[in-house]
Each structure stands twice: as structure tokens, then as C-alpha cells.
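Here's the structure we're looking at; comments come further down.
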Amino acid sequence: TQLLEQSPQFLSIQEGENLTVYCNSSSVFSSLQWYRQEPGEGPVLLVTVVTGGEVKKLKRLTFQFGDARKDSSLHITAAQPGDTGLYLCAGAGWTGNQFYFGTGTSLTVIP
Amino acid sequence: GAVVSQHPSRVICKSGTSVKIECRSLDFQATTMFWYRQFPKQSLMLMATSNEGSKATYEQGVEKDKFLINHASLTLSTLTVTSAHPEDSSFYICSARKRTGLNTEAFFGQGTRLTVV
């Protein structure tokens, strides 16, 4: 059983469209990270959200941490082919090495 | 951000041979490193937690004699796939986590594409 469920699992959209990826859990996290991974490479950290309700923007990407610190969303505006990749959320627990990855969302942006 | 270096990025080996993969934290000390396996378009599957100076902790279903882990220093962990078989072909990724205050962030190596022929 995966602690963090992402939806959708796969997403294929046209360039210029908007999209939202969701990361949901029944557990509370001290912080949550979003990563993007391109084929053949390791995941790269995009953002860390720490405070419930927090919203962070990274150019066309908007990240939100749920008020209860159990879920998060990633919204991409005007998607571009360069946004193509696997998006992973990850939640950090409150003690020790607790760190849980989401199920992943594979995004393809078609030119 | 912190840098984790993984080597090699690609390796092809013959069935029955062993392959060693290195993971280094370049600008911070990591008492714990993590080894993942990943299948195409899927999330990361934690294989084991590598602890500096002590035995690694393996996830259920991961053979410790098959995947040998050594964490001899605060900046280096190695994963050795012993007597590799074609079903071991996969993408292997290491990670080290850095705590900044109350936050924990994971940084990843570039990954190693292992092909066993």
C-alpha cells in the first residue's frame, strides 16, 4: 500500500494547456517535496512546502500544501514540451528517516 | 542544492557477473543513504537503507545477499549486484537526505541503467 497516492497516473496534453497533479494521503507530513524526473536521470527537487496552506510558485508551476498537511497539488500553466517527465511528490515524517514517495505522474506534453 | 553523484550512469554486464554502483554526497555528510529501483514510468521502490558504519536495512522482498551494500564513509555508499541476471536489469538510483531545521529534503544521484545480457 502506497502512503501517497498521485493522480492522474498518466497525463498527455497539448502544448499550451493547463494541468493539475494531485498528491493525497491520510497521513500528516512535516513537509512535502515535489520532484521532476526525466528519462534516464535521477529526480530533481522542484520545491519544498512546509506550512499547511502554503502556496509556492516556480515560474509556470504552482504548488500548494493542504491545510491539514495531508495533501498537495501541482498546477502547471501553459504546459510546454520541456515539462514532460515523471512528477513525484514525497512526504517527510516527523522523526528519523521517514520519507515516502508518491506513486508518480507521467506527463507528456505534445508540441 | 546539495549534490549527489552516482557512478556509473550505464553499465552492461554478462549474466553471472557482479556490478558495483557508487553513490557519493559531494557537499554534505550523509550518515544514511538510500537505494531505489525504478521501472519505466513508475515511482521509486525503496530497496534498502544504507547506514554509515553499520549494516544496511533491507526492505521486505529484497535479497541482502544479492544486493550488497557498503557505507564505509560519510560520503560514500556502494551497491553491488552480485551474480547478476537479466531480471536484475533496471534503473537504480541512490539518494541522500539533508536535514535543514525541521525539514528533510532528498537529493538524488543521476541513476544507473543496468543491463544484464
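Take the conditions of a type in the set (Phe, Trp, Tyr), crowded, with 18+ Cβ neighbours inside 10 Å and free of Cβ contacts under 8 Å to residues at least 40 places away in the same chain and apply them to A:Phe29. Does it pass?
Values: of a type in the set (Phe, Trp, Tyr): yes; crowded, with 18+ Cβ neighbours inside 10 Å: yes; free of Cβ contacts under 8 Å to residues at least 40 places away in the same chain: no.
No: the conditions fail for A:Phe29.
The set of residues in segment B:58-80 that are within 14 Å of another protein chain (Cβ to nearest Cβ) and charged (D, E, K, R) contains only B:Glu59. If you check B:Val81, B:Val116 for being in contact with a helix residue (DSSP H, G or I) (Cβ under 8 Å, 6 or more places away or on another chain) and over 28 Å from A:Gly102 (Cβ atoms), only one passes: B:Val116. A single entry from A:Thr20, A:Thr51, A:Thr62 fulfils the requirement of being more than 24 Å from B:Phe107 (Cβ to Cβ) and surrounded by fewer than 18 Cβ atoms within 10 Å (Cβ to Cβ): A:Thr20. The number of residues in segment B:81-117 that are touching a residue at least 60 places away in the same chain (Cβ under 8 Å) and within 12 Å of another protein chain (Cβ to nearest Cβ) comes to 16.
Kindly indicate the residue of segment A:87-109 that is facing chain B (nearest Cβ under 7 Å) and polar (S, T, N, Q) and also farthest from B:Gly101 (Cα to Cα) among those meeting that condition. The residue in question is A:Ser106.
May I ask you to verify whether B:Cys23 is modelled with pLDDT of 95 or more and under 10 Å from B:Ser95 (Cα atoms)?
On the way: modelled with pLDDT of 95 or more: yes; under 10 Å from B:Ser95 (Cα atoms): yes.
Yes.
For segment B:28-46, taking the residues that are part of a loop (DSSP other than H, G, I, E, B) and among the aromatic types (Phe, Trp, Tyr), the one that is nearest to the chain's Cα centre (by Cα) is identified as B:Phe39.
Considering the conditions (1) of a type outside the set (D, E, K, R); (2) in a strand (DSSP E or B); (3) over 18 Å from B:Ser43 (Cβ atoms), A:Gly82 is excluded by exactly one of them, (2). Exactly one residue among B:Thr80, B:Thr75, B:Thr57 is farther than 21 Å from A:Gly40 by Cβ and at pLDDT 95 or above, and that residue is B:Thr80. Looking at B:Thr17, B:Thr78, which one is part of a strand (DSSP E or B), hydroxyl-bearing (Ser, Thr, Tyr) and out of contact with any Ser or Thr (no Cβ under 6 Å at 6 or more places or on another chain)? Result: B:Thr78 is the single residue among B:Thr17, B:Thr78 that is part of a strand (DSSP E or B), hydroxyl-bearing (Ser, Thr, Tyr) and out of contact with any Ser or Thr (no Cβ under 6 Å at 6 or more places or on another chain). Can you name every residue in segment B:50-75 that is surrounded by 19 or more Cβ atoms within 10 Å (Cβ to Cβ) and in contact with a Ser or Thr (Cβ under 6 Å, 6 or more places away or on another chain)? Within segment B:50-75, B:Ser50, B:Ala56, B:Ile69, B:His71, B:Thr75 meet the criteria.
The values are calculated or read from the model by the stated rules, or taken from the named source; none is laboratory data. This structure is a prediction, so every number in the text was calculated from the model and none was measured. Virtual Cβ from ideal backbone geometry, glycine too; neighbours counted across all protein chains shown.
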